[in-house]
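Here is the structure we will look at, set down as structure tokens.
The values are calculated or read from the model by the stated rules, or taken from the named source; none is laboratory data. Keep in mind that what you see is a predicted model, and the values were worked out from it rather than measured. Quick reminder, even Gly has a Cβ in these numbers, built from the backbone with ideal geometry, and neighbours come from all protein chains shown. Ligands, DNA and RNA are stripped out before the accessible areas are found, and what is left, the full protein with its side chains, is counted by its heavy atoms. Shrake-Rupley method; radii C 1.70, N 1.55, O 1.52, S 1.80 Å.
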Amino acid sequence: MAEWAKEQDFEEILQKADIIFGGEGNTDYFQLYHPKLYAVRNSATEHLVIRDEDGIQGFLGVFPAEMDICGRKIKVDGFGTMGVMKSARGKGYMKDLMDTAVNASKERADIAFLGGRRQRYEYFGFTPSGITPSFSFNRDNAKHCLKGADTSIYTFDEAKTAEEAKFFAELYNRRPARVIRTEESFLTTLKSCRSVAISIRKNGKLFGYAAVNGEGRSINEIEVLNIEELPAVLSSYINTYDFRGVSIGGVFLFDKEKLKVLDSVCEGMTLPCCESFLIHDYVKLLDALFALKATYTKLYPCKAVLNIEGYCKVAIETQEDSFKVYETDASADANLKPLEATRVLFGNSACIGIRDDLLQGLKANLPLPLFYSRPDFV
């Protein structure tokens, strides 16, 4: 039976997780991959474990976080670090861990997310959703778009100081929606997934930051004081490190100005899903995301009732600059299974119109800008 671990289980969880994911003899896989969870604190009590006479044989981390979306607080559970020792596989431990974690999450969180194979985790209610535009920027883009502009005024160094963390947090907190981070944990958070926290300076003064991985060729979060200068910053970055190009992820549908700037200069753009999400409270999440969408675009007039099977009926009423979302007993205009509802409301499925029976006004408002920042993944 799955149970919550105790603080004294930390070293055993870490040791066995390092073996499963990093291989025999690996002693620092997760300390480097998720320092915010394993290098700077004891996170044992945020894990479910299954034990036998040989100790812990299976484990699953359920890490709580909170999002601020237009002042609305959304409680989140991130599922990660799930593993079963090789000798204990085939005994149903993964199912026990996931069932226990999902039931616990329903009681304490509004949404949950994880990474992994779609079909494996759809059995437990998670499905790919959220849209996170990703861009590619190369030397030709810089050459033809910047037309010889001086980019040497921008410099880059690994961030290490409290002063930098404070500046980064202030930049990050300008976002209308974000995963809540503390100033004290900011640099450690940026180092998730073996990333490096980079300080961006303009004429020697702090101007922005980036979290980069893939030997620096992939940017998974970037903020600068003046978004119009982002192409010049990117040009300076690839020149400084002698890269042919760089990919830029961690951009969201509500990052309207950043999207416009990147779209105007980058070589290409893709629209991958953000992660696999499980929605516990559709009403609360829809309310928050309609509020967020209204900050960057007008809403289409609509009045619709959706029956999300096994959850609730949700009424959605929108005008150009106002909206209401609430639970109702009224007759539904459409019935959706939870997995489909998540993809249609928040994912790429909205872009390809897999549900022709949805009211046109509702369809015009979709997808809603569900997101989760890469440094905050678990």
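Taking Lys and Arg as +1 and Asp and Glu as -1, the other residues whose beta-carbon sits under 10 Å from that of residue 376 total +3.
For the peptides 218-225, 6-13, residues were scored by their other Cβ atoms within 10 Å and the scores averaged per peptide; the highest-first order is 218-225, 6-13. Based on protein heavy atoms only, segment 274-378 ends up with 41 Å² per residue of surface accessible to a 1.4 Å probe. Computing Rg and the Kirkwood Rh from the Cα coordinates of segment 230-334 gives a ratio, Rg/Rh, of 1.14.
Probe of 1.4 angstrom, ligands and nucleic acids ignored: what's the accessible area per residue over segment 168-228, in square angstrom?
Working: 2460 Å² over 61 residues.
Result: 40 Å² per residue.
Gain on full extension, evaluated as 0.36 nm per residue between residue 87 and residue 322 minus their Cα-Cα distance, stands at 78.9 nm.
I need the calculated FRET efficiency for the pair residue 355 and residue 296, taking r as the beta carbon distance and R₀ as 25 Å, to the nearest 0.05. Intermediate values should be presented prior to the final figure.
Details: r = 24 Å, r/R0 = 0.97.
About 0.55, to the nearest 0.05.
With each label modelled as a point 7 angstrom along the Cα→C-beta vector, the residue 120-residue 39 pair spans 2.5 nm. Pairwise Cα separations in segment 232-275 fall into 5 Å bins from 0 onward with the following percentages, short to long: 5, 17, 30, 24, 15, 9, 1. Site pair residue 174 and residue 72 shows an inter-label distance of 2.5 nm when each label is modelled 7 Å from Cα along Cα→Cβ.
Computed from the Cβ-Cβ distance with R0 of 56 Å, the FRET efficiency linking residue 364 to residue 53 stands at 0.40. Across segment 109-119, computed HN-Hα scalar couplings (Karplus, 6.51 cos²θ - 1.76 cosθ + 1.60, θ = phi - 60°) run 10, 9, 9, 9, 9, 7, x, x, 5, 4, 5 Hz from first to last residue, x flagging Gly and Pro. Descending by average beta-carbon neighbour count within 10 Å, the peptides 300-313, 198-211, 317-330 line up as 198-211, 300-313, 317-330, the highest first. Over the chain, DSSP H runs of length four or greater, each weighted -39,500 (n - 2.57), average out per residue to a 222 nm ellipticity of -8500 deg cm²/dmol.
Quick check: at a probe of 1.4 Å, how many percent of the accessible area of the chain sits on carbon and sulfur atoms? Don't skip to the answer; put the middle values down first.
Values: 8140 of 17010 Å².
Carbon and sulfur atoms account for 48 percent of the accessible area of the chain.
Within 10 Å, count the other beta carbons around each residue, average over each peptide in 19-27, 278-286, and list them highest first. Provide the component values of the computation, followed by the final result.
On the way: 19-27: 12.8, 278-286: 21.3.
Sorting 19-27, 278-286 by mean packing, highest first, produces 278-286, 19-27.
If the only charges are +1 at each Lys and Arg Cβ and -1 at each Asp and Glu Cβ, what is the size of the charge dipole of segment 167-244 around the Cα centre, to the nearest 20 debye? Don't skip to the answer; put the middle values down first.
Values: 11 positive and 9 negative charges, 15 e Å.
Dipole size: approximately 80 debye.
Can you give the charge dipole size of the chain about its Cα centre, rounded to the nearest 20 debye, using +1 on the beta carbon of Lys and Arg and -1 on the beta carbon of Asp and Glu? Numbers along the way, then the final one.
Values: 47 positive and 53 negative charges, 157 e Å.
Approximately 760 debye in magnitude.
Can you give the Rg to Rh ratio for the chain, taking only C-alpha atoms and Rh from Kirkwood? A ratio of 0.99. Name all residues of segment 240-254 having a backbone nitrogen under 17 Å from the label point set 7 Å from the Cα of residue 267 along its Cα→Cβ direction, giving them as ranges. Under 17 Å, as judged by backbone N against the label point of residue 267, lie 240-249 of segment 240-254. Over all distinct Cα pairs, what is the inverse of the mean 1/r for segment 123-196, reported as the Kirkwood hydrodynamic radius in Å? Evaluated over segment 123-196, this radius sits at 16.2 Å.
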